[in-house]
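Worksheet for the structure shown next.
The values are calculated or read from the model by the stated rules, or taken from the named source; none is laboratory data. Fair warning: this is a prediction, and the values are worked out from it, not measured in the lab. Quick reminder, even Gly has a Cβ in these numbers, built from the backbone with ideal geometry, and neighbours come from all protein chains shown. The accessibility values were calculated without ligands, DNA or RNA, using every heavy atom of the protein model including side chains. Shrake-Rupley method; radii C 1.70, N 1.55, O 1.52, S 1.80 Å.
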Amino acid sequence: MNLKITVLSGDGIGPEVVAQAIRVLNAVGRKFNHTFEFDHALLGGCAIDATGMALPPETTAKCQAADAVLLGAVGGPKWSDPRAKVRPEQGLLGLRKALGLFANLRPVKVYDALIDASTLKAEIVRGVDMLIVRELTGGAYFGQPQGRSGEAPHRQAVDTTPYSEAEIARLMHMAFELARARRRKVSSVDKANVLATSRLWREVAHEVAAQYPDVQIEDVLVDACSMYLIRSPKSYDVIATENLFGDILSDEAAMLAGSMGMLPSASLGEQLNQHGYRRGLYEPIHGSAPDIAGKGIANPLATILSSAMMLRWSFGLEVEANSIERAVEQVLNDGLRCKDIASQGTRVIGSEEMGAAVVERL
Ligand code: NAD
């Protein structure tokens, strides 16, 4: 297979972790006889420095021509002046829009070897393996009207949370399809006891569920879900929810695994690539970590695991994806750690060594 990937290394530790993911992908290519074509482009702070734009048109064009996009992270203190007209995050939002990415997927898997890294008790987190599917383009983050008016003491602000049937249905279809390849359970999260959008969400979720009789659906109120996530997280397989709830719950769920340096993500839309799979954007959930950038100590495993998700969902290469995930698990079982996940009795290594260790086990 020839896999055409646009690489957006971005800022801070982005280039350091992406370099290790590319190294692992090249090793997969050698092992399974695939050719990777990596095309690099600018996004975020580095793009602002070079072109004055967070998302130069050339970057959008390259991403639209690729089968999938691999991203490091964007942002940093250099570009964080709130008065600045152009900000790195605008590049990310613009790219999601240009690629029509409406679902953000975050798997949360707790590795046995890292159970101590979680702040929760071992018996609660052992065996956790869930996938959060968050709607990415609708709801309160984009609804109009949005804004504020008036002067103190009469200031007011408003946000609007619109959702259409079509937006809910496409997200739920994706959640059910993904559940079919897992433990066949979808937990649809809403606030149907209070919000009109949530009542529509629940109605449409069940209409979609009727088309997947082999998958179980349960409704969970968002407040209860936030509680169950730390009380009985093992009970979840796929969690499907709207934009704002998903933003909050996915960060809460991330902490079950202990470190941001371990968690991958994917954003998928309806556009298909030349291989007939969804063209996706794959990135670690962490940011550009300016505090450790350039030190060679960033944990590249989240980005390496993001590249495994890319092989699975944008290329249908399940065996190859599994082999990366197994190699990562072996590295952890062998007691190798980057600084962020280090514990007593483990050996602390840098980003490059970690990349090499994964390649070796592949
Ligand atoms: P961050 O995720 O960059 O860092 C939070 C903490 O986690 C830091 O102490 C950092 O050193 C550590 N950390 C993160 N990733 C790590 C890794 N791979 N290995 C080891 N340690 C790691 O979050 P932040 O500090 O709030 O944000 C820094 C910048 O990143 C900001 O400009 C923010 O806007 C941006 N950001 C970008 C994205 C993105 O590109 N998708 C996401 C979140 C934040």
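So the values come out like this:
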{"quantity": "Glu329, Glu283, reordered so the largest accessible area comes first (probe 1.4 Å)", "calculated": "Glu329, Glu283"}
{"quantity": "Average projected area [Cα convex hull, region 119-257], square nanometres", "calculated": "9.8 nm²"}
{"quantity": "Over 18 Å between alpha carbons, listed pairs Lys4/Lys97; Lys4/Lys62; Lys234/Lys339; Lys121/Lys234; Lys62/Lys295; Lys31/Lys109", "calculated": "Lys4/Lys97; Lys234/Lys339; Lys62/Lys295; Lys31/Lys109"}
{"quantity": "Share of carbon and sulfur in the accessible heavy-atom surface of the chain [1.4 Å probe, %]", "calculated": "52 percent"}
{"quantity": "Förster radius 30 Å - calculated FRET efficiency between Lys85 and Lys234, Cβ distance, rounded to 0.05", "calculated": "0.05"}
{"quantity": "Spin-label zone in region 227-256 - amide nitrogen under 15 Å from a point set 7 Å from the Cα of Asn193 along the C-beta vector", "calculated": "227-228"}
{"quantity": "For Gly269, residues with placed amide H under 5 Å, excluding near neighbours", "calculated": "Phe102, Arg279"}
{"quantity": "Helical mean residue ellipticity (222 nm; -39500 (n - 2.57) per DSSP H run of 4+; nearest 500) of the chain", "calculated": "-12500 deg cm²/dmol"}
{"quantity": "Order by protection proxy (mean Cβ within 10 Å, highest first), peptides 39-50, 74-85, 233-244", "calculated": "233-244, 39-50, 74-85"}
{"quantity": "Positive-pole candidate from Ile115, Pro162, Ala152, dipole of region 108-168, charges at beta carbon", "calculated": "Ala152"}
{"quantity": "Amide H within-cut-off set for Leu3, under 5 Å, with H built and near neighbours excluded", "calculated": "Thr35, Phe36, Glu37"}
{"quantity": "Residue-span extension gain [Leu272 to Lys339] - 0.36 nm each, minus C-alpha spacing", "calculated": "20.3 nm"}
{"quantity": "Rounded, prolate or oblate (a/c below 1.5 giving rounded, otherwise prolate when a/b exceeds b/c) for the chain by Cα gyration tensor", "calculated": "rounded"}
{"quantity": "Two-site FRET efficiency, Gln330 against Ser149, from Cβ-Cβ distance with R₀ of 45 Å, rounded to 0.05", "calculated": "0.20"}
{"quantity": "Three-way shape label, region 3-122, alpha-carbon gyration tensor, a/c 1.5", "calculated": "oblate"}
{"quantity": "Peptides ranked, highest mean first, by Cβ atoms within 10 Å: ranges 91-99, 298-306, 217-225, 13-21", "calculated": "298-306, 13-21, 91-99, 217-225"}
{"quantity": "Full-extension gain in nm, Glu207 to Phe142, via 0.36 nm per residue minus C-alpha separation", "calculated": "20.9 nm"}
{"quantity": "Length gained when the stretch Asp214-Ala61 is fully extended (0.36 nm per residue, less Cα-Cα span)", "calculated": "51.1 nm"}
